[in-house]
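Here's the structure, in structure tokens; my notes come after.
The values are calculated or read from the model by the stated rules, or taken from the named source; none is laboratory data. Just so it is clear, the structure is predicted and the values come from calculations on it, not from any experiment. Note: ideal-geometry Cβ built from the backbone for every residue, glycine included; neighbour counts use all protein chains shown. These accessible areas exclude ligands, DNA and RNA; they are computed on the full protein's heavy atoms, side chains included. Shrake-Rupley method; radii C 1.70, N 1.55, O 1.52, S 1.80 Å.
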Amino acid sequence: MVKVKMTEGEIAPAKIVCIGRNYVAHIEELGNEVPEEMVVFCKPNSSIAPVLHSSHAGQQLHYETEICYMVQGGQFAAVACGLDLTKRELQSGLKKKGLPWERAKAFDGSALFSPFVPIPEGEAELTLELYVNGELRQQGTTSMMIYSPRVILQEIGSFMTLDDGDIVMTGTPAGVGEVLSGDQFKARLLAGETLLTEASWKAA
């Protein structure tokens, strides 16, 4: 089982539950419709990787930066920023046919994470930032989500058991794009002006 880093030690998530189409601007940039109900799909533990690749099995990858929560005791207990890598061309073809997205979303190496840290006390808004080669490409906050973290946790729990260590990726804001070999990526997660966690990758 592949592990992710925490403030203290490491843990191997059994699964990653992902929320699609949770930011209006991202829905619009891909020409999708606002869903009538929450879009949910999963990635396996084998999708977790420390290395950011620009392609997989000869197919170009796109980045989607997301606020990610870790479950403990049935609640969100820790938070990180992560990359949901996507085979966009394949995904578009699957959507047109009404087929599941896993071939485009759940492949090995499709999920990367910063270290998970305890969620700050109180109701502080969280802000996600992604810089590519020093340029701000994505920025989003918890208040911009169609479904808040609390609602996401309730909805997933209504039909699926979340085990300790499981990760929930909450969707991506606008600004997604191709991963190009040699690009420098830096993802940051803040509570107000306080930096909670960050990660940097150089695309291979």
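Data table
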item	result
Model label zone, Arg150; criterion: amide N under 20 Å from point 7 Å along Cα-to-beta-carbon; scope region 190-204	191-192
Separation of alpha-carbon centers, region 53-83 and region 133-204, rounded to whole Å	6
Long-range amide H partners of Leu126 with built H, under 5 Å	Thr142, Ser143
FRET efficiency estimate (nearest 0.05) - Cβ-Cβ, Thr141 to Glu37, R0 25 angstrom	0.65
Segment Glu125-Glu102, length gained on full extension (0.36 nm per residue, minus Cα span)	5.2 nm
Average accessible area per residue (Å²) across the chain - probe 1.4 Å, nucleic acids and ligands excluded	47
Cα-centre dipole for the chain with unit charges at Cβ (Lys and Arg positive, Asp and Glu negative), debye to 20	700
Accessible carbon and sulfur surface of the chain relative to its total accessible area, %, 1.4 Å	49
